[in-house]
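Nothing in this text is a laboratory measurement; each read-out follows from the coordinates by a stated rule. All values derive from a computational prediction rather than experimental measurement. Quick reminder, even Gly has a Cβ in these numbers, built from the backbone with ideal geometry, and neighbours come from all protein chains shown.
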Amino acid sequence: MASESKMIMLRSSNNEVFEVEEALAFESQTIKHMIEHDCADTVIPLPKVSSNILAKVIEYCKKHVTSPKDDNNELESFDAEFVNIDKNVLFGLMSAANYLNIKSFLDLTSQALADIIEEKC
Amino acid sequence: MSTVLCVFYFLEGTSCFHAMEGETSWVSHSFDDNVRDMVDFNLFLERSYEVSTEATVPVDLILPDDLLERILAYLPIASIFRVGCVCKRWNEVVSSRRFLWNFTHARVHKPWYFMFTSSDEPVGYAYDPILRKWYGFELPCIGTSSWFIASSCGLVCCMDNDSRSELYVCNPITRNYRKLEKPPGLRFYDYSALSISVNKISHSYNVSVVKSKQVPGNFIQWEVSVHIYDSGTMMWATTSAEILTGWRGGEESVICDGVLYLLVYSTGGGIPESRHGLLTYSLSSRLSHGLLMRNLISMPCPLTCGRLMNLKEKLVMVGGLGKQDRPGIIKGIGIWVLSGKEWQEISRMPHKFFQGFGEFDDVFASSGTDDLIYIQSYGAPALLSFDFNQKQWKWSQKCPVTKRFPLQLFTGFCFEPRLEISP
């Protein structure tokens, strides 16, 4: 049997479709739930996530799914760089992480926003 | 106007943290640019965004309360007060029960250590072992470093060392406090041991004061009485008063799992090596014979100084190990846990840490709670910690205080930083 991983289609709020591997999509508990409970068709609609944000979420998940488990340093520096962005975008990412229920991503973005707030205080 | 609201809330919840030069500054004493920035930031959070070719956020993004709450929960405990002062909405978020509950339960808290930097005022530095940071700190209620101090589960109990009639229970972070009526019993006596035990679930607490007084004209007999305060009834009860022969109480006690432990010292005249012992007293059974001398637990080895502490309801003792031939000097420090009536040795301070203190008297300060033990030499502001779980010794970050004169003494105590508990 060919070990081809199943592909999942995600549609952003502005109707752009992203094709991702199932393993990656399953980083999102929301998507995983929808698929496992047959709530979605061929394409999963994500009306709360714009394509720009979705692209970044996918980038994060891809890195975390494909990285070797023991390479913590690399993941740490990737994460640090990843949240070193404009506040607006960071909000969008956090909001998406919450909606999509990706725990590690939610922790990362929340902490980054808290750090910004603390700096300003 | 939100500006006015901010100042109002700032004054209402005055923080104990103050800005020290060169260190992490806390709440400033004036409504300055930083806070103004924060107001703008909040408006920024609430504004909705429009989609443009440049924009990367969805159209209707307004940060809902639950997300705001989630972000604020990632702040260190020390910043919560400040963010609560930004505006009414933020104040409500950080004061809400749900926030406080999540804040307490979703993260790792480790006990802080407060070190006095003055012997006349309750000021000093509080150490956060997770962030490895020292904060300038002023304690509520406590008068000076000579006061008796005990802590449990975020509450600190203190009693003055003069009249021994001023007794408070406070939360050092929120500065809420309650003054207790003075304990009953002897007005003039020699030694006092203070302890507090807080019920983690109900937040009710017991305070114990053990008074020891030498029987006049008698060197080996001491009158020892136990007085317990119940926060539920708000009353004291004298639960035990007896004469001990050959032993006296001191200033070291702790309540662990409903049992009061008192460190006692032998008064057998003439013996140069002062022996230590441990008396136990069950708070629930309140046996009429009180301290029950026949339950005296002896020490694992001769100690110069013993410090008792409650680590997750286990009785732990930190003791100084004397040198046989040289009194007044210790050769080491050990940590034991009481298991039934036997002591189990947990660790000995490795030599390199011992040396790191420089001068180490046979008497030193040590306190601990939860999973952490702190040890400090009276002669220097160096602070060492022992993680009971990991069995690991570690120096704290260097405390930003220097010894100003040769005889300056440093002492302190540890407490759990909690926002949700009040006396």
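Observations on the structure shown:
- Pairs exceeding a 20 Å alpha-carbon distance, out of B:133/B:312; B:110/B:394; A:32/A:87; A:63/A:103; A:120/B:133: B:133/B:312; A:32/A:87.
- Under a model in which nothing but the beta-carbon of Lys, Arg (+1) and Asp, Glu (-1) is charged, segment B:182-241 shows a dipole of about 100 debye around its Cα centre.
- Förster radius 51 Å - calculated FRET efficiency between residue A:67 and residue B:301 (Cβ-Cβ, nearest 0.05): 0.45
- Unit charges on C-beta of K, R, D, E only; dipole of chain A, Debye: 400
- Centre separation in Å (Cα based) which lies between segment B:328-384 and segment B:123-144: 21
- For residue B:196, residues with placed amide H under 5 Å, excluding near neighbours: B:151, B:208, B:255
- Counting only DSSP beta bridges with both residues in chain A, the antiparallel share comes to about 60 percent.
- Taking other C-beta atoms within 10 Å as the exposure proxy, B:364, B:137 rank B:364, B:137 from fewest upward.
- Highest-MSF residue in chain A out of A:71, A:79, A:41 [GNM, Cα springs under 10 Å]: A:71
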